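Reading through the structure tokens given below for one structure.
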Amino acid sequence: MSGLPTALITGGTSGIGLALAHRLAGTHDLFLTGRGERTGLPKDAGFIKADLSMPGEAADRIEAALRQADVGALSKLVLNAGTGTYAAVGAEDAAMIRRTLDVNLAASVLLAHRLAPFLEAGGGRLVLIGSVAYKGSGNMPAYAASKAGLAGLARSLRAEWSGRIGVQIIHPGPTRTPMHEKAGYVPGRLERLFFPADAMADEIARLMETDRPRATVMIGARLRRLLSGKAS
Ligand SMILES: NC(=O)c1ccc[n+]([C@@H]2O[C@H](COP(=O)([O-])OP(=O)(O)OC[C@H]3O[C@@H](n4cnc5c(N)ncnc54)[C@H](OP(=O)(O)O)[C@@H]3O)[C@@H](O)[C@H]2O)c1
């Protein structure tokens, strides 16, 4: 450990989480979680293998890995891992619904609780990565419900942890990552309108430096970036 503040990002092996890991790499000691694939991670980032579709076991593994690395305090806990299926109501079977709710919501509730002492010790902040879908999204019912659940979790923890641990929820708009293909969604030409993952990570990193308890990254952020001469 270098003595920098420590950040842990779930789902730090792909898409937004991986891009955010690269943003934070110079300023934080990093721990990234994922299920297995780990190419292109920032040098020196610790990797913790944990399948969040088994939330209890995953929380045990993650906490044990931090303790084994002698980490007692976290500056940032970014609960970013997410999954979903693009399917109409009724087209998902119970196992698919269960997996989405476990990875996106149940694991977040458990990890927030389990790692709260680390955040408190580090004067740290919990950052939940939600989605604009939390307001409802056709053909992603379980996913949208899981993200609405995260918004409720953020409100609950803010009340419970007031004055002890910061809680922020950031809702990204559509972003170019492997998630869409994994979910079975083909955006086609619409994908050109999506945020590049690097640009979304820039916006999330910027918001993480603010006191905003909740924020949405949508077209307004895109326009601001264009007007300030940034490429996306
Ligand atoms: N892309 C968008 O348009 C968009 C929009 C709004 C919100 N979001 C949210 O942003 C977050 C990141 O999504 P992304 O677009 O970057 O997706 P992504 O590229 O598919 O990355 C998802 C990450 O979550 C991890 N993950 C998925 N299932 C897991 C499981 N069972 N156990 C452990 N880790 C698991 C993946 O790790 P493995 O590869 O090892 O499974 C991966 O690192 C998600 O919460 C997503 O809902 C995305």
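The values are calculated or read from the model by the stated rules, or taken from the named source; none is laboratory data. Since the model is a prediction, treat every value here as computed from it, not as a measurement. Every residue, glycine among them, receives a Cβ derived from its backbone with ideal geometry; neighbour counts consider all protein chains shown. Each accessible area value is taken on the protein alone, full model and side chains, heavy atoms only, with ligands, DNA and RNA left out. Shrake-Rupley method; radii C 1.70, N 1.55, O 1.52, S 1.80 Å.
General observations
- Number of residues in segment 3-40 that are in contact with a strand residue (DSSP E or B) (Cβ under 6 Å, 6 or more places away or on another chain), free of Cβ contacts under 8 Å to residues at least 40 places away in the same chain and not in a strand (DSSP E or B): the value is 4.
- Residue count for segment 111-147, restricted to those that are surrounded by fewer than 23 Cβ atoms within 10 Å (Cβ to Cβ), within 11 Å of the ligand (Cβ to nearest atom) and among the aromatic types (Phe, Trp, Tyr): 1
- Single residue of segment 186-215 satisfying the filter (modelled with pLDDT under 95 and in a loop (DSSP other than H, G, I, E, B)) that is farthest from Val132 (Cα to Cα): Val186
- Tally of residues being closer than 21 Å to Ala199 by Cβ and in contact with a Phe, Trp or Tyr (Cβ under 8 Å, 6 or more places away or on another chain) across segment 133-182: 9
Residues checked against (1) touching a Leu at 6+ places or on another chain (Cβ under 8 Å); (2) within 17 Å of Met200 (Cβ to Cβ):
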| position | (1), (2) |
| --- | --- |
| Leu119 | yes, no |
| Leu128 | yes, yes |
| Leu153 | yes, no |
| Arg158 | no, no |
| Pro172 | no, yes |
| Thr175 | no, yes |
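- Inclusion of Ser75 among residues that are open to solvent by 20 Å² or more (accessible area, probe 1.4 Å) and of a type in the set (Gly, Ala, Ser) is warranted.
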